[in-house]
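Engineer: Submitted below is the structure of interest, expressed as structure tokens.
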Amino acid sequence: IVRYRHKDGSTVWIRCRGLAIRDENGTPIRMLGAHTDVTALKKAEMQARENAQNYEAILNNQKAYIIKTDAEANYTYANDLFLSTFNLERDAIMGTSSMDSIYVEDHPKTIDTAIACLENPYQHFTVFLRKLMDDGSFKTTNWDFMGLTDNQGKTNEILCVGVDVTQQLSAETDLQHKNTLLEEAGRI
């Protein structure tokens, strides 16, 4: 595929194909060629690439974790926030089980939520999941799961959007504890 400058100044993309016509001894004697204008195809390809870059930039500038898994719960996508927060490398986790990073006690509710997504595509299901951090602490995330379908209508991926609620839950626990202390002080 080569580029030509059109007389109006625009770029035209042309696919050039050629075939050597040979004599009985195999010596090329003529050339047969065909030129096909593929400008529309190249423009669509460039637009698709630009759109993909824009969407990737949007996904990576969120304050939410965004991941996708296949129907077997293996990672197919993770945004930069998710990767950096949980100290993961994109190439290392793609195709591996997302269950490996979920606290074991949360596996049953994760599986139940995933099954609901597979059976009810495009419906939202919410679940709180914990991840054990390297320092031994837990990070709790409020996840919104939704099953996605392929062209044949079969659910083949799960989109997961999560927000860290660790500090919020800690603050609520502190508030409950302080209220309990205040009630006890009031009784005393």
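Engineer: How much solvent-accessible surface does Lys109 expose, in Å² to the nearest 10, with a 1.4 Å probe and all protein chains in place?
Structural biologist: Here the residue's solvent-accessible area equals roughly 80 Å².
Engineer: Determine the share of the chain's accessible area contributed by carbon and sulfur atoms, expressed in whole percent, with a 1.4 angstrom probe.
Structural biologist: Values: 6820 of 13040 Å².
C and S fraction of accessible area: 52 percent.
Engineer: Nearest 0.05, what FRET efficiency do Thr39 and Asp91 give at R0 = 45 Å with Cβ-Cβ as r?
Structural biologist: On the way: r = 35 Å, r/R0 = 0.78.
Approximately 0.80, to the nearest 0.05.
Engineer: Between Ile29 and Lys7, what's the calculated FRET efficiency when r is the beta-carbon distance and R0 is 30 Å? Round to 0.05.
Structural biologist: Values: r = 34 Å, r/R0 = 1.13.
Computed FRET efficiency for Ile29 and Lys7: 0.30.
Engineer: Heavy atoms only, 1.4 Å probe, whole protein assembly: order Tyr4, Tyr55 by accessible area, highest first.
Structural biologist: Values: Tyr4 105, Tyr55 140 Å².
The most accessible residue leads, giving Tyr55, Tyr4.
Engineer: Turning to a different aspect of this structure: If the convex hull of the alpha-carbon atoms of the chain is projected onto planes in all directions, what is the mean projected area in square nanometres? If you can, show how the numbers build up before the last one.
Structural biologist: Working: hull surface 85.1 nm².
Projected area, direction-averaged: 21.3 nm².
Engineer: Grab the Cα-Cα distance for Lys154 and Ala116, subtract it from 0.36 nm times how many residues apart they are, and report the gain in nm with one decimal.
Structural biologist: Numbers: separation 38, 0.36 × 38 = 13.68 nm, distance 1.37 nm.
Using 0.36 nm per residue and subtracting the Cα-Cα distance, I get 12.3 nm.
Engineer: Let me ask something additional. Return the calculated 222 nm mean residue ellipticity for the chain, to the nearest 500 deg cm²/dmol, obtained by summing -39500 (n - 2.57) across DSSP H runs with n ≥ 4 and dividing by the residue count.
Structural biologist: Numbers: 5 runs with 67 residues, N = 188.
Result for the chain: -11500 deg cm²/dmol, rounded to the nearest 500.
Engineer: Amide H of Val165 versus every other amide H placed in the peptide plane: which residues, excluding those fewer than 5 positions away on the same chain, fall under 5 Å?
Structural biologist: Correct list: Thr140, Thr141, Asn142.
Engineer: Just how much of Ser101 is accessible, in Å², when a 1.4 Å probe is used and the result is rounded to the nearest 10?
Structural biologist: Counting only protein heavy atoms, Ser101 exposes about 40 Å² to solvent.
Engineer: Could you compute the FRET efficiency for Val165 and Gln123, with r as their C-beta to C-beta distance and R0 at 22 Å, rounded to 0.05? Don't jump to the answer; show the numbers that get you there.
Structural biologist: On the way: r = 22 Å, r/R0 = 0.99.
Given R0 = 22 Å and the Cβ-Cβ separation, E is 0.50.
Engineer: Please report the base-10 log of the normalised intensity I(q)/I(0) for the range 1-95, using a Debye sum with one equal scatterer per alpha carbon and no solvent, at each q in 0.15, 0.21 (1/Å).
Structural biologist: -0.77, -1.03
Engineer: Now for a separate question. Under a 1.4 Å probe, what is the accessible area of the chain per residue, stated in Å²?
Structural biologist: Working: 13040 Å² over 188 residues.
Spelled out: the 1.4 Å probe surface of the chain, per residue, equals 69 Å².
The values are calculated or read from the model by the stated rules, or taken from the named source; none is laboratory data. Not measured: the values here are computed from a predicted model. All Cβ positions, even for glycine, are placed from backbone atoms using ideal geometry, and neighbour counts span all protein chains on display. SASA here: full protein model, heavy atoms, side chains in, ligands and nucleic acids out. Shrake-Rupley method; radii C 1.70, N 1.55, O 1.52, S 1.80 Å.
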